[in-house]
Every structure is written in C-alpha cells, then in structure tokens.
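Beneath this line is the structure, given in structure tokens, with notes to follow.
The values are calculated or read from the model by the stated rules, or taken from the named source; none is laboratory data. The shown structure was predicted, so the numbers you read here are calculated from the model rather than taken from an experiment. Positions of Cβ are generated from backbone atoms using ideal geometry, with glycine treated the same way; all protein chains shown enter the neighbour counts. The protein model used for the area step is the full one, side chains on, heavy atoms only, and it has no ligands, DNA or RNA in it. Shrake-Rupley method; radii C 1.70, N 1.55, O 1.52, S 1.80 Å.
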Amino acid sequence: MAGDHDHFMRIAMEESEKSLAEGNVPVGSVIVRDGEIIGRGRNLANVRQDPTSHGETEAIWDACRKSGSADLSGSVLYTALEPCPMCLWSMVNAKIGTLVMGGRLKDVKSANYGDYTVENLLAMTGRKMNIVTGIMEEECIAIRNRYNG
C-alpha cells in the first residue's frame with residue numbers, strides 16, 4: 001500500500017508543480033477509487049480569482065462531474081498539503097473515506113492556521129475519516145515553501 005501512496009502522491013505533486021508554474025499556491029490533489037484516478041485538481045485561486053479554487057475542491061469537482069454524482073464514497077483523496085477547513089469539509093460532504101496527505105500546515109513557513117489540524121476538526125464535529133500522514137512529507141513541504149505569496 002505504501003507504494004501506491006507514493007505513486008499517487010507523486011501525481012498530486014505534479015499537479016502542485018503545475019499550480020506553482022501558473023502563479024498559484026502549489027497544492028495538487030488526486031482522487032482515487034478502485035485503484036484508478038477519478039479526479040484531479042490543483043490550486044487555481046489566483047488564476048481564476050476565486051479563493052475557493054483549491055486543489056482538493058478542484059479534484060472533488062472533477063471527480064463528481066466525471067462520475068455524475070456528488071457521492072464519492074469508497075474513494076481516497078491524495079493531497080500534497082493538509083487540507084484547510086473548507087477543503088476538509090468538502091471532503092466530508094462528498095463522503096470521501098480516506099485522506100492521504102504529504103505535508104502539514106504547521107510546517108509551512110507562510111501558513112498560519114494556529115492549532116488547526118484535520119484531526120481536530122473531525123473530532124470537534126464528530127466525523128470520521130481515515131487519515132494517512134507523512135507520505136513524501138519533505139518533498140511536499142519543499143514544493144509549498146517555494147511559493148512566495
């Protein structure tokens with residue numbers, strides 16, 4: 001399973017690199033179900049002038065559009081950086097069962113989310129989600145820290 005995590009995280013990191021090249025916060029995500037990518041996304045907030053256009057929300061939108069359903073049960077979302085509260089709640093609403101993430105927000109030099117973690121928000125709201133952390137963590141943080149915005 002760790003090999004699969006590395007494989008899909010590399011693809012999320014490719015999306016992060018595209019996002020950075022376009023002048024956005026470099027966070028990319030992919031959604032996988034039954035071993036296949038069903039959605040891809042990258043942060044497009046600056047390009048679209050839309051603060052909700054994060055890697056995770058773009059991947060969710062892509063997967064929902066392609067599947068014809070807002071129910072993404074049985075899927076795994078891979079993302080290069082810990083999702084913000086908006087993105088995590090979008091995952092909860094889409095019924096994504098597992099989150100695999102690279103870096104943590106607390107380790108990003110320009111992020112200030114206080115004591116927020118995905119685990120804290122899930123616990124506070126009584127929601128459940130499988131969380132896998134530390135997948136290619138240093139590489140994911142390094143990409144994010146290259147952004148100067």
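DSSP assigns beta bridges within the range 27-108; of those with both partners inside it, close to 65 percent run antiparallel.
Given a 1.4 angstrom probe, I'd like the percentage of the accessible area of the chain that is carbon and sulfur, rounded to a whole number. Carbon and sulfur: 49 percent of the exposed surface of the chain. On a per residue basis, the chain carries 49 Å² of accessible surface, using protein heavy atoms and a 1.4 Å probe. If I take all pairs of Cα atoms in the chain, what percentage of them are more than 27 Å from each other? Here the tail beyond 27 Å accounts for 12 percent of pairs. Using the Karplus relation 6.51 cos²θ - 1.76 cosθ + 1.60 with θ = phi - 60°, the per-residue 3J(HN,Hα) values for the range 40-57 come to 10, x, 9, 4, 10, 4, 6, 5, 8, 6, 9, x, 8, 8, 8, x, 5, 5 Hz, with x marking Gly and Pro. Applying 0.36 nm per residue to the separation of LYS95 and TRP61 and subtracting their alpha-carbon distance, the gain on full extension is 10.9 nm. For the pair GLU119 and VAL132, the difference between a 0.36 nm per residue extended length and the Cα-Cα distance amounts to 3.6 nm. Between GLY28, GLY134, GLY39, the Gaussian network model of the chain with springs among Cα atoms under 10 angstrom shows the greatest mean-square fluctuation at GLY134. Basic side chains Lys and Arg get +1 at the Cβ, acidic Asp and Glu get -1 at the Cβ, and with that the dipole of the chain about its Cα centre reaches some 320 debye.
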